[in-house]
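What follows is a set of notes on a single structure, which appears directly below.
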Amino acid sequence: MTITISRLFDDYATANRVLHELEAAGIPSADISLISSNADNWYAGRSTGVDPKHDRDRDGVDDRAEGAATGASIGVATGGLAGLLAGLGMIAIPGIGPVVAAGWLASTLAVGAAGGLAGGMLGALTEAGVSEKDAHVYAEGVRRGGTLVSVRVQEMQRERVETILDGAAVNIRDRGAAYRNTGWSTFDPKSPAYTADQVRKERELYRRGSL
């Protein structure tokens, strides 16, 4: 039986490291999806000095150097994780604003966005098997600058994948409780998207343990 495991990360850089761990564990890139807030314009605005054609995983490091260091061939790969992240694209989601996304869940979102479907994030997540309660927190987390990683796996792989994801993921129960303590109740697709300054302040609260 195929199940979906989703986890929220506070930023793309953290999620990107987890994606590499999933790849190393043998999880096919076709079963991985990523949706990341671009409120702070990290995707279009970064200047790393690295030629984009040699940074297909968008981590700011020349893929050829990574390949030499790890014995991998990520810099010249056409498939795998490099291929997945080379396909990152922008989608506008109601209530969240611009996100950078790739993978199977991103495709579902893109179809919904093209069709003008309201609340596309919630619909895509619940359709993938995420509980409605968790879907609201995940959507709000992306709205506030987070990155969502969703993985489709067989039940027998659950423990291994959850161990990888949980190493750096947000505790969704605690984060949902923290949101509710500030007066939040559910994700609202009619809410204004967060600004770069709001995302920065939000992340500072996470670092201080205030949220």
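All of the numbers you see were taken from the coordinates with simple rules; none came from a lab. Computed from a predicted model, the values in this text were never measured in an experiment. Reconstructed Cβ throughout: ideal geometry from the backbone, glycine too, with neighbour counts over all protein chains shown.
What is the order of Arg160, Arg152, fewest Cβ neighbours within 10 Å to most?
On the way: Arg160 14, Arg152 21.
Sorted ascending by nearby Cβ count, the order is Arg160, Arg152.
At 7 Å along Cα-to-Cβ for each site, give me the label-to-label distance between Ile172 and Thr126 in nm.
For Ile172 paired with Thr126, the spin-label model returns 1.4 nm.
Need one number: the % of Cα-Cα pairs in segment 132-192 sitting beyond the 19 Å mark. Can you show the working numbers first?
Details: 683 of 1830 pairs.
Looking at segment 132-192, the distances longer than 19 Å represent 37 percent of pairs.
Mind listing the phi-derived Karplus ³J(HN,Hα) values for segment 168-180, rounded to whole Hz, using 6.51, -1.76 and 1.60 with θ = phi - 60°, and x for any glycine or proline?
These are the phi-based 3J(HN,Hα) values: 9, 7, 5, 6, 5, 5, 5, 5, x, 5, 5, 4, 5 Hz.
Output ³J(HN,Hα) for segment 151-163: one whole-Hz value per residue in order, computed from phi by the Karplus curve 6.51 cos²θ - 1.76 cosθ + 1.60 with θ = phi - 60°, and x for Gly and Pro.
Here the 3J(HN,Hα) series is 10, 9, 9, 7, 3, 5, 9, 3, 4, 5, 5, 4, 4 Hz.
Could you derive backbone 3J(HN,Hα) for segment 91-96 from the dihedral phi with the Karplus parameters 6.51, -1.76 and 1.60 (θ = phi - 60°), listing whole Hz in sequence and x where the residue is Gly or Pro?
Here the 3J(HN,Hα) series is 9, 9, 10, x, x, 10 Hz.
In what order do Ser37, Ser185, Ser29 fall by count of nearby beta-carbon atoms within 10 Å, going from fewest to most? Walk me through the numbers before you get to the answer.
Working: Ser37 27, Ser185 9, Ser29 21.
Least crowded to most crowded, the residues run Ser185, Ser29, Ser37.
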